[in-house]
Number of protein chains: 2
Amino acid sequence: MESRTMVKMEAFLRLCAMMLSILAACLVGLDSQTKLLFNTIERKATFRDLDALFVLVHVDSVVAGYNLLQLGRCFISARFEGSLKGSYLYLAWVCFLLDQIAVYVSFGANSAALQASVLAITGARSFQWMKLCNRYTRFCVQIGGALFCSYAASLFMAVISSISAFNLFRLYSPKQFLLLKFN
Amino acid sequence: MESRTMVKMEAFLRLCAMMLSILAACLVGLDSQTKLLFNTIERKATFRDLDALFVLVHVDSVVAGYNLLQLGRCFISARFEGSLKGSYLYLAWVCFLLDQIAVYVSFGANSAALQASVLAITGARSFQWMKLCNRYTRFCVQIGGALFCSYAASLFMAVISSISAFNLFRLYSPKQFLLLKFN
(Lines give C-alpha, C1' and ligand atoms only; values in the text may rest on other atoms or scores of the structure.)
Protein backbone atom coordinates (compact mmCIF):
# COMPACT_ATOMS: atom_id res chain seq x y z
CA MET A 1 0.00 0.00 0.00
CA GLU A 2 1.55 3.26 -1.08
CA SER A 3 1.02 6.78 0.23
CA ARG A 4 -1.60 7.66 -2.42
CA THR A 5 -3.95 4.99 -1.04
CA MET A 6 -3.37 6.46 2.43
CA VAL A 7 -4.36 9.93 1.19
CA LYS A 8 -7.51 8.45 -0.40
CA MET A 9 -8.42 6.75 2.87
CA GLU A 10 -7.89 10.00 4.77
CA ALA A 11 -10.01 11.90 2.22
CA PHE A 12 -12.83 9.34 2.58
CA LEU A 13 -12.76 9.62 6.39
CA ARG A 14 -12.77 13.43 6.18
CA LEU A 15 -15.72 13.31 3.78
CA CYS A 16 -17.65 11.09 6.24
CA ALA A 17 -16.79 13.38 9.18
CA MET A 18 -17.85 16.44 7.15
CA MET A 19 -21.19 14.91 6.09
CA LEU A 20 -21.97 13.79 9.63
CA SER A 21 -21.06 17.22 11.06
CA ILE A 22 -23.29 19.01 8.53
CA LEU A 23 -26.11 16.56 9.24
CA ALA A 24 -25.75 17.07 13.01
CA ALA A 25 -25.64 20.88 12.67
CA CYS A 26 -28.77 20.85 10.47
CA LEU A 27 -30.65 18.44 12.75
CA VAL A 28 -29.97 20.61 15.81
CA GLY A 29 -30.30 23.96 14.06
CA LEU A 30 -33.59 23.21 12.30
CA ASP A 31 -35.18 21.44 15.26
CA SER A 32 -38.17 23.22 16.80
CA GLN A 33 -41.42 22.22 18.49
CA THR A 34 -44.28 24.40 19.70
CA LYS A 35 -46.38 23.36 22.69
CA LEU A 36 -49.27 24.90 24.53
CA LEU A 37 -48.40 25.19 28.24
CA PHE A 38 -51.20 25.37 30.84
CA ASN A 39 -53.61 25.73 27.86
CA THR A 40 -52.67 29.39 27.52
CA ILE A 41 -49.01 30.16 26.84
CA GLU A 42 -47.48 28.96 23.58
CA ARG A 43 -43.83 27.96 23.99
CA LYS A 44 -41.49 27.15 21.11
CA ALA A 45 -38.43 25.02 21.89
CA THR A 46 -35.39 25.66 19.69
CA PHE A 47 -31.65 25.03 20.04
CA ARG A 48 -31.27 28.61 21.32
CA ASP A 49 -32.88 27.62 24.63
CA LEU A 50 -29.80 25.68 25.68
CA ASP A 51 -26.31 27.19 25.34
CA ALA A 52 -24.73 23.77 24.82
CA LEU A 53 -26.84 23.11 21.70
CA PHE A 54 -26.10 26.59 20.39
CA VAL A 55 -22.37 25.92 20.79
CA LEU A 56 -22.73 22.47 19.22
CA VAL A 57 -24.31 23.90 16.03
CA HIS A 58 -21.43 26.34 15.60
CA VAL A 59 -18.70 23.83 16.47
CA ASP A 60 -20.15 21.28 14.04
CA SER A 61 -20.32 23.92 11.29
CA VAL A 62 -16.70 24.95 11.87
CA VAL A 63 -15.56 21.30 11.96
CA ALA A 64 -17.38 20.66 8.66
CA GLY A 65 -15.70 23.71 7.09
CA TYR A 66 -12.31 22.64 8.42
CA ASN A 67 -12.73 19.16 6.96
CA LEU A 68 -13.71 20.68 3.61
CA LEU A 69 -10.45 22.67 3.59
CA GLN A 70 -8.48 19.56 4.55
CA LEU A 71 -10.21 17.63 1.74
CA GLY A 72 -8.86 20.26 -0.66
CA ARG A 73 -5.40 19.76 0.85
CA CYS A 74 -5.73 15.96 0.36
CA PHE A 75 -6.71 16.52 -3.29
CA ILE A 76 -3.74 18.83 -3.91
CA SER A 77 -1.23 16.53 -2.17
CA ALA A 78 -2.53 13.56 -4.21
CA ARG A 79 -2.20 15.53 -7.49
CA PHE A 80 1.19 17.17 -6.93
CA GLU A 81 2.87 14.51 -4.84
CA GLY A 82 6.44 15.09 -5.99
CA SER A 83 6.65 18.88 -5.98
CA LEU A 84 5.67 19.44 -2.34
CA LYS A 85 8.46 17.45 -0.68
CA GLY A 86 10.31 20.37 0.88
CA SER A 87 7.40 21.77 2.87
CA TYR A 88 5.99 18.35 3.75
CA LEU A 89 7.29 18.34 7.34
CA TYR A 90 5.77 21.75 8.22
CA LEU A 91 2.48 20.76 6.56
CA ALA A 92 2.43 17.51 8.57
CA TRP A 93 3.00 19.42 11.83
CA VAL A 94 0.25 21.96 11.01
CA CYS A 95 -2.20 19.18 10.06
CA PHE A 96 -1.36 17.24 13.22
CA LEU A 97 -1.91 20.24 15.54
CA LEU A 98 -5.09 21.43 13.78
CA ASP A 99 -6.54 17.91 13.80
CA GLN A 100 -5.80 17.56 17.50
CA ILE A 101 -7.53 20.88 18.27
CA ALA A 102 -10.50 19.98 16.02
CA VAL A 103 -11.07 16.57 17.59
CA TYR A 104 -10.87 17.84 21.20
CA VAL A 105 -13.12 20.85 20.54
CA SER A 106 -15.70 18.71 18.74
CA PHE A 107 -15.54 16.02 21.44
CA GLY A 108 -15.89 18.59 24.22
CA ALA A 109 -18.87 20.28 22.57
CA ASN A 110 -20.56 16.90 22.08
CA SER A 111 -20.08 15.87 25.70
CA ALA A 112 -21.43 19.20 26.94
CA ALA A 113 -24.49 18.92 24.70
CA LEU A 114 -25.02 15.31 25.80
CA GLN A 115 -24.88 16.33 29.46
CA ALA A 116 -27.39 19.16 28.90
CA SER A 117 -29.68 16.77 27.00
CA VAL A 118 -29.47 14.15 29.74
CA LEU A 119 -30.48 16.85 32.26
CA ALA A 120 -33.42 17.74 30.00
CA ILE A 121 -34.50 14.07 29.97
CA THR A 122 -34.00 13.21 33.62
CA GLY A 123 -34.22 16.61 35.34
CA ALA A 124 -32.40 17.10 38.64
CA ARG A 125 -34.81 16.51 41.48
CA SER A 126 -32.52 17.84 44.22
CA PHE A 127 -32.19 21.12 42.29
CA GLN A 128 -35.90 21.27 41.35
CA TRP A 129 -34.93 21.30 37.69
CA MET A 130 -37.88 19.71 35.94
CA LYS A 131 -37.83 17.26 33.04
CA LEU A 132 -38.62 18.73 29.64
CA CYS A 133 -38.48 15.81 27.24
CA ASN A 134 -41.80 14.37 28.34
CA ARG A 135 -43.38 17.50 26.83
CA TYR A 136 -41.11 18.18 23.86
CA THR A 137 -40.67 14.52 22.84
CA ARG A 138 -40.20 14.96 19.08
CA PHE A 139 -37.72 17.79 19.68
CA CYS A 140 -35.67 15.62 22.03
CA VAL A 141 -35.64 12.61 19.71
CA GLN A 142 -34.25 14.79 16.90
CA ILE A 143 -31.55 16.18 19.24
CA GLY A 144 -30.69 12.58 20.17
CA GLY A 145 -30.21 11.69 16.49
CA ALA A 146 -28.08 14.80 16.00
CA LEU A 147 -25.87 13.87 18.98
CA PHE A 148 -25.42 10.38 17.54
CA CYS A 149 -24.26 11.85 14.20
CA SER A 150 -22.04 14.34 15.97
CA TYR A 151 -20.36 11.65 18.09
CA ALA A 152 -19.85 9.53 14.96
CA ALA A 153 -18.17 12.56 13.34
CA SER A 154 -15.93 12.91 16.43
CA LEU A 155 -14.98 9.24 16.16
CA PHE A 156 -14.00 9.73 12.51
CA MET A 157 -12.03 12.83 13.56
CA ALA A 158 -10.21 10.77 16.22
CA VAL A 159 -9.17 8.22 13.58
CA ILE A 160 -8.11 11.07 11.24
CA SER A 161 -6.02 12.65 14.01
CA SER A 162 -4.27 9.28 14.50
CA ILE A 163 -3.57 9.16 10.76
CA SER A 164 -2.11 12.67 10.78
CA ALA A 165 0.02 11.70 13.81
CA PHE A 166 1.19 8.65 11.83
CA ASN A 167 1.99 10.84 8.80
CA LEU A 168 4.05 13.17 10.99
CA PHE A 169 5.87 10.87 13.41
CA ARG A 170 6.86 8.24 10.81
CA LEU A 171 9.25 10.88 9.46
CA TYR A 172 11.33 10.65 12.65
CA SER A 173 14.04 8.17 13.55
CA PRO A 174 13.07 5.36 15.96
CA LYS A 175 16.39 5.59 17.80
CA GLN A 176 17.39 9.21 18.02
CA PHE A 177 15.12 11.91 19.31
CA LEU A 178 13.68 14.27 16.67
CA LEU A 179 16.12 13.16 13.99
CA LEU A 180 14.54 12.98 10.55
CA LYS A 181 14.93 9.81 8.48
CA PHE A 182 13.98 9.87 4.81
CA ASN A 183 13.96 6.18 4.05
CA MET B 1 18.59 13.56 23.58
CA GLU B 2 18.33 9.81 23.95
CA SER B 3 15.29 7.65 24.68
CA ARG B 4 15.92 7.55 28.45
CA THR B 5 15.38 11.32 28.67
CA MET B 6 12.13 10.86 26.72
CA VAL B 7 10.94 8.23 29.22
CA LYS B 8 11.80 10.57 32.10
CA MET B 9 9.83 13.39 30.48
CA GLU B 10 6.85 11.06 29.97
CA ALA B 11 7.09 9.90 33.60
CA PHE B 12 7.14 13.51 34.81
CA LEU B 13 4.06 14.39 32.72
CA ARG B 14 2.23 11.29 33.97
CA LEU B 15 3.08 12.20 37.56
CA CYS B 16 1.66 15.72 37.03
CA ALA B 17 -1.50 14.31 35.41
CA MET B 18 -1.89 11.81 38.28
CA MET B 19 -1.48 14.46 40.98
CA LEU B 20 -3.92 16.82 39.29
CA SER B 21 -6.51 14.03 38.80
CA ILE B 22 -6.26 13.01 42.47
CA LEU B 23 -6.55 16.65 43.54
CA ALA B 24 -9.60 17.17 41.31
CA ALA B 25 -11.29 13.97 42.53
CA CYS B 26 -10.70 14.96 46.18
CA LEU B 27 -11.88 18.55 45.65
CA VAL B 28 -15.14 17.36 44.06
CA GLY B 29 -15.66 14.34 46.29
CA LEU B 30 -15.08 16.13 49.61
CA ASP B 31 -17.02 19.27 48.64
CA SER B 32 -20.22 19.85 50.62
CA GLN B 33 -22.16 22.84 51.88
CA THR B 34 -25.26 22.97 54.09
CA LYS B 35 -27.77 25.78 53.72
CA LEU B 36 -31.03 26.62 55.40
CA LEU B 37 -33.76 27.02 52.76
CA PHE B 38 -36.87 29.10 53.54
CA ASN B 39 -35.60 29.20 57.17
CA THR B 40 -36.90 25.67 57.76
CA ILE B 41 -35.45 22.97 55.50
CA GLU B 42 -31.75 22.17 55.75
CA ARG B 43 -30.26 21.17 52.41
CA LYS B 44 -26.78 19.76 51.95
CA ALA B 45 -25.16 20.08 48.51
CA THR B 46 -22.71 17.31 47.57
CA PHE B 47 -21.31 15.98 44.32
CA ARG B 48 -24.03 13.29 44.36
CA ASP B 49 -26.66 15.90 43.45
CA LEU B 50 -25.35 16.16 39.92
CA ASP B 51 -24.63 13.03 37.85
CA ALA B 52 -21.88 14.79 35.91
CA LEU B 53 -19.87 15.48 39.10
CA PHE B 54 -20.41 11.90 40.29
CA VAL B 55 -19.04 10.64 36.96
CA LEU B 56 -16.15 13.13 37.11
CA VAL B 57 -14.99 11.85 40.52
CA HIS B 58 -14.90 8.28 39.26
CA VAL B 59 -13.28 9.11 35.90
CA ASP B 60 -10.59 11.18 37.64
CA SER B 61 -9.91 8.34 40.08
CA VAL B 62 -9.59 5.80 37.26
CA VAL B 63 -7.34 8.16 35.25
CA ALA B 64 -5.11 8.64 38.31
CA GLY B 65 -4.88 4.84 38.79
CA TYR B 66 -4.14 4.33 35.10
CA ASN B 67 -1.34 6.91 35.22
CA LEU B 68 0.11 5.20 38.30
CA LEU B 69 0.25 1.90 36.37
CA GLN B 70 1.85 3.65 33.40
CA LEU B 71 4.41 5.26 35.74
CA GLY B 72 5.36 1.74 36.80
CA ARG B 73 5.71 0.80 33.14
CA CYS B 74 7.96 3.85 32.54
CA PHE B 75 10.12 2.84 35.50
CA ILE B 76 10.47 -0.74 34.24
CA SER B 77 11.24 0.29 30.65
CA ALA B 78 13.89 2.75 31.91
CA ARG B 79 15.52 0.03 34.09
CA PHE B 80 15.47 -2.88 31.64
CA GLU B 81 15.82 -1.02 28.37
CA GLY B 82 17.69 -3.66 26.44
CA SER B 83 15.79 -6.80 27.39
CA LEU B 84 12.33 -5.66 26.26
CA LYS B 85 13.12 -5.01 22.57
CA GLY B 86 11.02 -7.86 21.13
CA SER B 87 7.71 -6.88 22.68
CA TYR B 88 8.30 -3.14 22.27
CA LEU B 89 5.98 -2.75 19.26
CA TYR B 90 2.99 -4.42 20.96
CA LEU B 91 3.60 -2.41 24.12
CA ALA B 92 3.73 0.81 22.09
CA TRP B 93 0.40 -0.04 20.40
CA VAL B 94 -1.27 -0.88 23.72
CA CYS B 95 0.02 2.34 25.34
CA PHE B 96 -1.10 4.38 22.34
CA LEU B 97 -4.65 2.96 22.35
CA LEU B 98 -5.06 3.14 26.15
CA ASP B 99 -3.76 6.73 26.23
CA GLN B 100 -6.19 7.72 23.48
CA ILE B 101 -9.12 6.19 25.38
CA ALA B 102 -7.99 7.79 28.67
CA VAL B 103 -7.64 11.28 27.21
CA TYR B 104 -11.01 11.22 25.43
CA VAL B 105 -12.88 9.80 28.42
CA SER B 106 -11.29 12.33 30.79
CA PHE B 107 -11.91 15.19 28.37
CA GLY B 108 -15.54 14.15 27.84
CA ALA B 109 -16.21 13.85 31.59
CA ASN B 110 -14.67 17.30 32.16
CA SER B 111 -16.76 18.93 29.46
CA ALA B 112 -19.94 17.34 30.80
CA ALA B 113 -19.16 18.51 34.35
CA LEU B 114 -18.32 21.99 33.06
CA GLN B 115 -21.64 22.20 31.21
CA ALA B 116 -23.57 21.06 34.30
CA SER B 117 -21.69 23.60 36.43
CA VAL B 118 -22.36 26.41 33.96
CA LEU B 119 -26.07 25.52 34.14
CA ALA B 120 -25.85 25.68 37.94
CA ILE B 121 -24.30 29.15 37.70
CA THR B 122 -26.49 30.67 35.00
CA GLY B 123 -29.65 28.59 35.24
CA ALA B 124 -31.82 28.24 32.12
CA ARG B 125 -34.59 30.82 32.21
CA SER B 126 -36.58 29.36 29.31
CA PHE B 127 -36.70 26.00 31.13
CA GLN B 128 -37.39 27.55 34.54
CA TRP B 129 -34.22 25.92 35.86
CA MET B 130 -33.08 28.21 38.63
CA LYS B 131 -29.55 29.28 39.51
CA LEU B 132 -27.97 27.49 42.46
CA CYS B 133 -24.52 29.01 42.82
CA ASN B 134 -25.83 32.24 44.35
CA ARG B 135 -26.85 30.11 47.34
CA TYR B 136 -24.09 27.50 47.44
CA THR B 137 -21.23 29.89 46.60
CA ARG B 138 -18.39 28.18 48.46
CA PHE B 139 -19.43 24.79 47.06
CA CYS B 140 -19.40 26.18 43.51
CA VAL B 141 -16.01 27.87 43.89
CA GLN B 142 -14.48 24.57 45.03
CA ILE B 143 -16.04 22.75 42.06
CA GLY B 144 -14.57 25.45 39.79
CA GLY B 145 -11.10 24.81 41.20
CA ALA B 146 -11.57 21.08 40.75
CA LEU B 147 -12.60 21.56 37.11
CA PHE B 148 -9.51 23.69 36.52
CA CYS B 149 -7.26 20.91 37.92
CA SER B 150 -9.15 18.29 35.96
CA TYR B 151 -8.78 20.20 32.68
CA ALA B 152 -5.07 20.70 33.40
CA ALA B 153 -4.78 16.91 33.91
CA SER B 154 -6.55 16.39 30.55
CA LEU B 155 -4.10 18.74 28.88
CA PHE B 156 -1.17 16.76 30.30
CA MET B 157 -2.88 13.57 29.11
CA ALA B 158 -3.22 15.06 25.61
CA VAL B 159 0.54 15.76 25.51
CA ILE B 160 1.22 12.24 26.85
CA SER B 161 -0.99 10.71 24.14
CA SER B 162 1.02 12.63 21.52
CA ILE B 163 4.22 11.25 23.03
CA SER B 164 2.92 7.69 22.92
CA ALA B 165 1.83 8.26 19.30
CA PHE B 166 5.36 9.51 18.60
CA ASN B 167 6.87 6.44 20.30
CA LEU B 168 4.70 4.15 18.20
CA PHE B 169 4.68 5.76 14.75
CA ARG B 170 8.40 6.59 14.65
CA LEU B 171 8.95 2.83 14.33
CA TYR B 172 7.35 2.88 10.87
CA SER B 173 8.92 3.73 7.55
CA PRO B 174 8.14 7.18 6.09
CA LYS B 175 7.83 5.82 2.55
CA GLN B 176 6.12 2.45 2.74
CA PHE B 177 2.87 1.87 4.59
CA LEU B 178 3.19 -0.06 7.89
CA LEU B 179 6.73 -1.22 7.17
CA LEU B 180 8.91 -1.26 10.27
CA LYS B 181 12.29 0.46 10.24
CA PHE B 182 14.76 -0.19 13.01
CA ASN B 183 17.30 2.53 12.36
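The values are calculated or read from the model by the stated rules, or taken from the named source; none is laboratory data. All values reported here derive from a predicted model rather than from experimental measurement. Quick reminder, even Gly has a Cβ in these numbers, built from the backbone with ideal geometry, and neighbours come from all protein chains shown. For the accessible areas, the whole protein counts, side chains as well, though only heavy atoms, and no ligand, DNA or RNA atoms are used. Shrake-Rupley method; radii C 1.70, N 1.55, O 1.52, S 1.80 Å.
Restricting the calculation to alpha carbons of region B:5-64 gives Rg and Dmax of 16.9, 62 angstrom.
Taking 4.7 Å between C-beta atoms as the pairing limit, the protein assembly as shown has these partnerless cysteines: A:Cys16, A:Cys26, A:Cys74, A:Cys95, A:Cys149, B:Cys16, B:Cys26, B:Cys74, B:Cys95, B:Cys149. Sorted largest first by accessible area at a 1.4 angstrom probe radius, with every protein chain in place, the residues A:Lys35, A:Lys44 fall in the order A:Lys44, A:Lys35.
Shown here: region A:12-108, whose C-alpha atoms stretch 70, 21, 13 Å along the first, second and third principal axes, sorted largest to smallest.
Label separation (A:Leu97 vs B:Ser61): 3.9 nm, computed from points 7 Å beyond Cα along the C-beta direction. In this assembly of identical copies, the label point of A:Met19 (Cα plus 7 Å along Cα-to-Cβ) is separated from its counterparts by 4.8 nm, sorted shortest first.
Treating each Cα of region B:106-148 as one equal point scatterer and applying the Debye formula with no solvent, the log10 of I(q)/I(0) at q = 0.22, 0.27 Å⁻¹ comes out as -0.72, -0.94. Assuming charge only on the beta carbon of Lys and Arg (+1) and of Asp and Glu (-1), the dipole of the protein assembly as shown about its Cα centre is about 100 debye to the nearest 20. Positive end of the dipole of region B:52-136 (Cβ unit charges, origin at the Cα centre): among B:Ala92, B:Ile76, B:Ile121, the Cα lying farthest that way belongs to B:Ile121. Diffusion of chain B by Stokes-Einstein, at 4 °C in a medium of 1.567 mPa s and with Rh set to the Kirkwood radius over alpha-carbon pairs, works out to 70 µm²/s.
Please give the Cα centre distance for region A:35-74 versus region B:147-161, rounded to the nearest Å. After rounding, the separation between the Cα centres reads 27 Å.
For the chain pair B and A, the buried solvent-accessible surface (1.4 Å probe, both sides summed) amounts to about 4400 Å².
Solvent-accessible surface, computed for protein heavy atoms with a probe of 1.4 Å, shrinks by 40 Å² or more for the following residues of region B:18-59 when the other protein chains are added to the isolated chain: B:Asp49, B:Leu50.
Placing a label point 7 Å from Cα along the Cα-to-Cβ axis, A:Val141 is separated from the same position in the other copies by 4.8 nm, shortest listed first. Each Lys and Arg Cβ is given +1 and each Asp and Glu Cβ -1; about its Cα centre, region B:5-157 then shows a dipole of about 300 debye. The same position A:Leu37 in the other copies lies at 2.0 nm from this copy, comparing label points 7 Å beyond Cα toward the beta-carbon, shortest first.
The residues packed around B:Arg14, meaning those with a beta-carbon under 14 Å from its beta-carbon, carry a net charge of 0 if Lys and Arg are +1 and Asp and Glu are -1. What does the accessible area of B:Ile22 come to, in Å² to the nearest 10, when a probe of 1.4 Å is used? Rounded to the nearest 10, the figure is 80 Å². Averaged per residue, chain A has 51 square angstrom of accessible surface, using a 1.4 angstrom probe with ligands and nucleic acids left out.
Whole number please: convex hull volume per residue, Cα atoms of the protein assembly as shown, in Å³.
133 Å³
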